[in-house]
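Inspection log for the structure reproduced underneath, given as structure tokens.
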Ligand SMILES: C[S@@+](CC[C@H](N)C(=O)[O-])C[C@H]1O[C@@H](n2cnc3c(N)ncnc32)[C@H](O)[C@@H]1O
């Protein structure tokens with residue numbers, strides 16, 4: 001009886017243990033996060049020498065891409081609530097010439113000084129913040145006037161067939177708590193759920209778009225297994241149960257899996273806003 005609320009809370013804020021964070025870095029980052037993160041950094045139009053906050057940085061994929069754009073004269077600070085994610089971030093090879101600091105902190109109470117960054121990136125994090133207006137006000141506090149906020153969040157499962165299939169397979173296997181957890185990353189149905197709090201936080205929206213990307217994994221079975229292990233409930237499914245879940249997901253994906261490779265469309269909302277002067 002005690003596990004369900006704990007999982008709900010962990011999933012709501014995407015809190016992983018160290019093993020799940022390692023699976024996250026190995027399987028989810030290269031396939032699902034890196035391609036979107038590169039696009040987000042493009043939208044932010046960072047200049048060399050910029051100071052950038054990567055909020056909800058996870059294992060740091062966006063921070064690393066941003067570090068290459070701002071160069072050795074710039075600085076990135078990656079902030080995340082989850083200590084295991086930061087531990088994996090710190091364990092990775094450094095980006096040559098880059099200055100990246102990793103700090104534990106909450107989006108609603110950032111461990112940064114007022115007006116201390118030129119730009120803020122938030123890649124697949126905003127949907128997890130319980131009080132989005134409070135988070136937007138905090139982002140505005142640390143960002144210089146006129147500075148850019150670029151964020152993205154996935155669209156709902158109806159536009160992300162891989163995740164819709166995982167949700168359905170977990171649900172039909174009687175694992176509704178896990179299925180609920182799987183829904184959280186895809187909980188923003190309409191981008192105004194993100195735009196409204198940002199505007200209340202003191203931002204002017206510059207662009208808001210829904211974009212598409214084709215996800216590719218060379219080994220669909222290994223990827224789905226790694227993805228499930230990287231979930232907040234990943235350590236709770238083992239052995240034959242895990243094998244059955246992976247098998248059902250792969251067969252349910254139908255034509256998206258060919259010759260063992262996964263090619264599946266994905267959609268996300270990308271919003272760029274400027275802090276009011
Ligand atoms: C799906 S991961 C995305 C991580 C990273 N941005 C990436 O693209 O790989 C979501 C992250 O949001 C973080 N998070 C959730 N709630 C947070 C909060 N209130 N403050 C800071 N980070 C938070 C989680 O710890 C997790 O690392």
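The values are calculated or read from the model by the stated rules, or taken from the named source; none is laboratory data. Source: prediction; values computed, not measured. Here Cβ is always computed from backbone atoms with ideal geometry, including for glycine, and neighbour counts include all displayed protein chains.
Things worth noting here:
- Applying the criterion of being within 18 Å of the chain's Cα centre (by Cα) and closer than 13 Å to residue 54 by Cβ to the residues of region 82-106, the residue that is surrounded by the fewest Cβ atoms within 10 Å (Cβ to Cβ) is 103.
- Residue 63 buried (at least 23 other Cβ atoms within 10 Å of the Cβ) and in contact with a strand residue (DSSP E or B) (Cβ under 9 Å, 6 or more places away or on another chain): yes
- Single residue of region 118-134 satisfying the filter (closer than 15 Å to residue 57 by Cα and not in a loop (DSSP other than H, G, I, E, B)) that is farthest from the chain's Cα centre (by Cα): 119
- Yes/no for residue 215 being more than 30 Å from residue 133 (Cα to Cα), in contact with a strand residue (DSSP E or B) (Cβ under 7 Å, 6 or more places away or on another chain) and outside any strand (DSSP E or B): no
- From the list 114, 109, the lone residue that is over 17 Å from the mean Cα position of the chain (by Cα) and either within 11 Å of the ligand (Cβ to nearest atom) or within 26 Å of residue 236 (Cα to Cα) (or both) is 109.
- From the options 152, 160, residue that is under 18 Å from residue 12 (Cα atoms) and touching a strand residue (DSSP E or B) at 6+ places or on another chain (Cβ under 6 Å): 152
- Of the residues making up region 40-75, those that are more than 15 Å from residue 270 (Cβ to Cβ) and out of contact with any helix residue (DSSP H, G or I) (no Cβ under 9 Å at 6 or more places or on another chain) are 67, 70, 71, 72, 73.
- Residue count, region 211-253 (criterion: touching a helix residue (DSSP H, G or I) at 6+ places or on another chain (Cβ under 8 Å) and closer than 30 Å to residue 43 by Cβ): 14
- When restricted to residues that are surrounded by fewer than 20 Cβ atoms within 10 Å (Cβ to Cβ) and within 21 Å of residue 144 (Cβ to Cβ), region 113-130 contains 4.
- Within the set 122, 155, the sole residue that is at pLDDT 95 or above, in contact with a helix residue (DSSP H, G or I) (Cβ under 9 Å, 6 or more places away or on another chain), within 10 Å of the ligand (Cβ to nearest atom) and within 17 Å of residue 211 (Cα to Cα) turns out to be 122.
- Selection count where residues are in a loop (DSSP other than H, G, I, E, B) and in contact with a strand residue (DSSP E or B) (Cβ under 8 Å, 6 or more places away or on another chain), scope region 233-277: 3
Rundown of residues vs (1) within 16 Å of the ligand (Cβ to nearest atom); (2) assigned to a helix (DSSP H, G or I); (3) farther than 19 Å from residue 124 by Cβ, yes/no style:
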site: 166; (1), (2), (3): yes, yes, no
site: 170; (1), (2), (3): no, yes, yes
site: 174; (1), (2), (3): no, no, yes
site: 185; (1), (2), (3): yes, yes, no
site: 195; (1), (2), (3): no, yes, no
site: 206; (1), (2), (3): no, no, yes
site: 209; (1), (2), (3): no, no, no
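- Neighbours by Cβ (under 8 Å, 6+ apart or cross-chain): first from region 5-30, without any contact (Cβ under 8 Å) to a residue 60 or more places away in the chain; second part of a helix (DSSP H, G or I): 29/61
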